[in-house]
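Everything on this sheet refers to the single structure shown next.
Values quoted throughout were computed directly from the atomic coordinates according to the rules given, and no laboratory measurement underlies them. Model, not experiment: these values are computed from the prediction. Ideal geometry is used to build each Cβ from the backbone, glycine not excepted, and the neighbour counts take in all protein chains shown.
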Amino acid sequence: MSARPGVGLPGTVTMREAERLAAEAESAGASSVWVADVRREPYLASAAALRATTRVTVGIDVAVAFSRSPAVTAQAAWDLAGYGGGRFVLGLGSQVGPTLLSRFGVELDRPAARMRDYVQAVRACWDAYRKGHGRYEGDFYSIRQPIFSPGADDPWPDTPIYVAGVNPVMTAVAGEVADGFAAHMFCTPTYLDRILRPALARGATRAKREAPPVLVPLVVGRDRASLALQMTTYTVPAYRRVLDESGLREEADAILAAIADRRRSEAARIIEEHCLDQLGVAVLDDLAERVRHWSTHADAIGLTVPWYGLDADAQIALFRDVLRALEGM
């Protein structure tokens, strides 16, 4: 990937908006366009972004894996890779268990081991599509007939798979099976360097391969208050280790207590005063400096905008301001 930052489309964009904004991002010099899985169907939005562009990489950062079977994911990603002439990147994440259940009605165990099997199943389907035959038998998934309509797709573009993680167990799986690691914006340089990169290396060593590159998203806001409010949505028990390992254990206790007591504004105040400067965020006016700072820790940077507390029009307006700032970098 280019050292120049990519951009993440606002999570609320429709397919027509995804077309327009992706084309604007390419014109602004973004190296990549990333689609989120927060409101719209990310595979359809990716198709729209690919249709409107000719050069940039288009990827999903990240699709919720376990809400879709690996065969369904493989089929969608395969077609997007062909449609985009090899410009598509498949990003997969597990999502936090309670959110997975409340959002999709899906409850699963052993997410890290399941993700390893999921990625291998997707690749087995792709191999079958290319050859015209094949099957997959894994610990969690059994796909006996990935080729339903006979025929082989060859030649066909390859598709990199990025796996997202916050905790080291899932991160090690990414190091073992993924082509890239999609870090979370709820991350600090300390946590990335001391916890996540060693976990990636452990997974890569198990597979006798090099550790994959790290993509870090930065949430860009107009002011610190809006960024702190966005970060309250990620301050959950499953992610608190990010703060603990970064010397912010007491702050994590206070933030989680405030959120549990429905005092979100108090939680945001604590984040803004004590945590924000370490997290994956940037105030628009300081964007170039924050990109330089994080570029010493990450292999690639993606710029996105907050979705919490901003309506769709405000998100798009901010996204376009991010593009203007990117043009000047």
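Things worth noting here:
- For the chain: relative contact order, % (alpha-carbon pairs under 8 angstrom, 6 or more apart): 18 percent
- The share of C-alpha pairs in the chain whose separation exceeds 35 Å stands at 18 percent.
- Between 0 and 90°, nearest 10: helix 42-51 axis offset from the chain longest Cα axis: 80 degrees
- Global geometry of the stretch 182-329, whether rounded, prolate or oblate, following the gyration tensor of its Cα atoms and the 1.5 cut on a/c: oblate
- Gyration tensor (alpha-carbon) shape descriptor, the stretch 1-136, a/c threshold 1.5: oblate
- With the charge dipole of the stretch 256-329 set up from +1 on Lys and Arg Cβ and -1 on Asp and Glu Cβ about the Cα centre, the Cα lying farthest toward the positive end among the listed residues 309, 296, 274 is that of 309.
- Computing Rg and the Kirkwood Rh from the Cα coordinates of the stretch 249-300 gives a ratio, Rg/Rh, of 1.10.
- Loop-resident trypsin sites (Lys or Arg not before Pro) (DSSP state other than H, G, I, E or B) in the stretch 51-96 with no more than 16 further Cβ atoms inside 10 Å of their Cβ: 55.
- Sequentially through the stretch 214-219, phi angles give Karplus couplings (6.51, -1.76, 1.60; θ = phi - 60°) of 10, 9, 10, x, 10, 7 Hz, Gly and Pro residues having no value and appearing as x.
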